Amino acid sequence: MCWNCRGLFSSISCLSDLLAENKVNICAISEHWLRTYQLHLLNTIDNNFVSIAKGVDIHNPESMTCNSRCGVAFLVSKEIVSFVTEIDIDSDRIIGIQVNLPNLQTFYYSINLFTSYNTASSIVPSNLGLQSYDNGPSTGIDHILIPLSEIGKVLNAKVIDSQPFSVSDHRPILCSITLENSVFTYTEGEQSTRSVSWDRARKYGNINDYSFALSQHLWTAEFPRHEINQFIIGEYYNKIVSAIKQAEQETLPYSIFKPYLKPYWNKSLTHLRDIMRLNKIEWLKNCNCHDTKCDAFYHYKQAKKAFRDAQRSAIYEYKSAIAQKIENDIDVDQKSVWIILKKRKQKPHTCTALKKDGTLFTDSKDLMSIWYDHFQNVFTQSVYSEADRETYILDSVSAILEINRTLNEEDDVQFSYSDVINICSHLKNNKACGHDRIAYEHIKYGGKTTLETFTSLVQRDNTMRIYTW
C-alpha cells in the first residue's frame, strides 16, 4: 500500500484501520511530518508492523524549521521483516528497502526511486499527484510503479476511497502481488514436523492407546506374496510409516512451544524452520551427501542459512527492544526496569577445579593442558611386556574380521521374532529421528503387531541398509 498521509498525527486512526482491513504486508508512507525523535510513533500504529523511516530533520536535526514535504517511511509486517534490509540512500525524500525472500528473486521497494536498481525487480510507491496548468483537473491519487516484465504478478490494484475520517487530500492505493514458491505458500499439512512428547505420553498413559491404534492400522498391512523386489519392499515400508504417523496423530501428545524460552520467536522463524526441516528431509532421502554441487544439499544449506540469519536478526531486535524499553522507563518506571535487569542477571556458577598431585588447578588453560596430557597418554601405543602380545592382538582382530565377512556373505542369515523383540527392547529413548520422522519410541511402544510386521519386513530382505532404526 502507498499513501501520502499529509501528517501522521491526524492520520493514525485512519492508517491503523487501513492496515488491519486490507491485510497489508508493506506500506509506504510519505509526508509523515515527523522529526527524528518522533519516529518511534510509527511503531505504535499497529503492533504487527515495524517501521523503517527518515525524519524531516534528517539533514539538520537542530533546525527549528523543516521542509514539511519531507519525511518518508515503510511499515513492514513482522511476518516478513526478517527478510527486509534498508537501502542506504542519502536523501530526506527517498527511502528504499530490499526484500529477499527464500527461493525468490530480490525485490526493491522504494519511494520516489527511479534511477537506482533499475535493472532489478523494483517496485516504486510514489507520490505522483497531478495538478494541470491554469487550475485545470487535478488528482490526489498516489501510484505504485512496477516493471512491465512483472505485470503478470499483479492480482489486483485499487484506490481506497472509503475513509470518512481521512484528512489527507491524497487517496491511498493498494496493490496485491503474488509471489510463487515463497515462504508463505507453505502449508503445515504437507508434512508434520512436530515432535511427540514421549515423557507426557508415558506420564498420562497414552502408550497403550498408541499401541492399540497402531495394531488396528497395521492389521490389514500384509506383505505381498508374489515376486519380491526393492520397489515392493519400499511400498510396504511406506504403509508401515503411514500407519505409525496416523496412530501418532490420533493418540500421542505433541511438544508444546514455551514462549518464555524463546521470547524473540515469530511466525517468520516458524516458516523458515519448517522449510529448513523439509529441505533436510529431502536431502537425507535423496543422497545424504556433502557435495556442494548437489542440489538437495545446496538447498538445505541455503534454507539453514536463511533460518539462522533470521534467528540472529530476531534475537537482535528483541534485545534492542528490551534496551529501548529500559532507556524509556529508567526515569519514569524504575520498578519495571529492575524487573528486566534482574531477569537478565546471570546466576552464580561454581568454579571448575581439578586436583593433580596434591595441587588444585582452576585456570582453564591449566585444566586443558592436564586433560591433554592425560588423553595423550591413554591413546599412545604402549610398549608390551610380552614379545608376542602385539602379534596375538593383530591375529585375533584379523580372525574376527574374517568371521564377519563370511557371515555377511551367507544368504540364509535370518532375523527371528525374538531377535527383533530383543533389539527393539534395548533401543534408547530421546534419539533423533530419521528422514521419515520415526523415532525409536514409535517401534518400542508399537506392540506385538508392530514387531511382527517388522520381523516380516527384515526377513524378506536382510540386505536392506537404507532403513535404520
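The values are calculated or read from the model by the stated rules, or taken from the named source; none is laboratory data. The structure presented is a predicted model; accordingly, all values stated were derived computationally and were not measured. Glycine also receives a Cβ, built like all others from the backbone with ideal geometry; neighbour counts cover every protein chain displayed.
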> Under the condition of being within 33 Å of the chain's Cα centre (by Cα) and of a type in the set (G, A, S), which residue from region 37-63 is farthest from C14 (Cα to Cα)?
Replying inline: A53
> From the set of residues in region 230-275 that are among the hydrophobic types (A, V, I, L, M, F, W, C), buried (at least 16 other Cβ atoms within 10 Å of the Cβ) and farther than 29 Å from Q302 by Cα, which is modelled with the lowest pLDDT?
Replying inline: I233
> Can you find a residue in region 300-307 that is of a type in the set (S, T, N, Q) and at positive phi?
Replying inline: no
> Considering only strands (runs of 3 or more DSSP E) fully contained in region 142-203, which possess at least 2 residues that are modelled with pLDDT of 80 or more and touching a Cys at 6+ places or on another chain (Cβ under 9 Å)?
Replying inline: 154-159, 173-177
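To keep it simple, each residue is scored yes or no on (1) of a type in the set (S, T, Y); (2) closer than 30 Å to R200 by Cα; (3) touching an Asp or Glu at 6+ places or on another chain (Cβ under 7 Å).
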residue: W265; (1), (2), (3): no, yes, no
residue: T292; (1), (2), (3): yes, no, no
residue: Q302; (1), (2), (3): no, no, no
residue: A310; (1), (2), (3): no, no, no
>> Going residue by residue through region 441-462, is there one that turns out to be part of a loop (DSSP other than H, G, I, E, B) and either over 14 Å from E248 (Cα atoms) or at pLDDT below 85 (or both)?
In response: yes
>> Residues that are outside any loop (DSSP other than H, G, I, E, B), closer than 22 Å to I443 by Cβ and β-branched (V, I, T): does region 247-263 have at least one?
In response: yes
> Can you pull out the residues in region 32-45 that are buried (at least 21 other Cβ atoms within 10 Å of the Cβ) and either in a helix (DSSP H, G or I) or of a type in the set (D, E) (or both)?
Replying inline: L42
>> So, in region 359-416, exactly how many residues are modelled with pLDDT of 75 or more, within 30 Å of T455 (Cα to Cα) and among the aliphatic types (A, V, I, L, M)?
In response: 3
>> If the requirement is being of a type in the set (A, V, I, L, M, F, W, C) and either in contact with a Leu (Cβ under 7 Å, 6 or more places away or on another chain) or at pLDDT below 60 (or both), which of these qualifies: L104, L128?
In response: L104
>> Quick check on region 204-224: of everything there that is exposed (fewer than 14 other Cβ atoms within 10 Å of the Cβ), on the phi < 0 side of the Ramachandran plot and assigned to a loop (DSSP other than H, G, I, E, B), which residue is modelled with the lowest pLDDT?
In response: P224
> Do we find a residue being assigned to a loop (DSSP other than H, G, I, E, B), small (G, A, S) and in contact (Cβ under 8 Å) with a residue 60 or more places away in the chain anywhere in region 291-303?
Replying inline: no
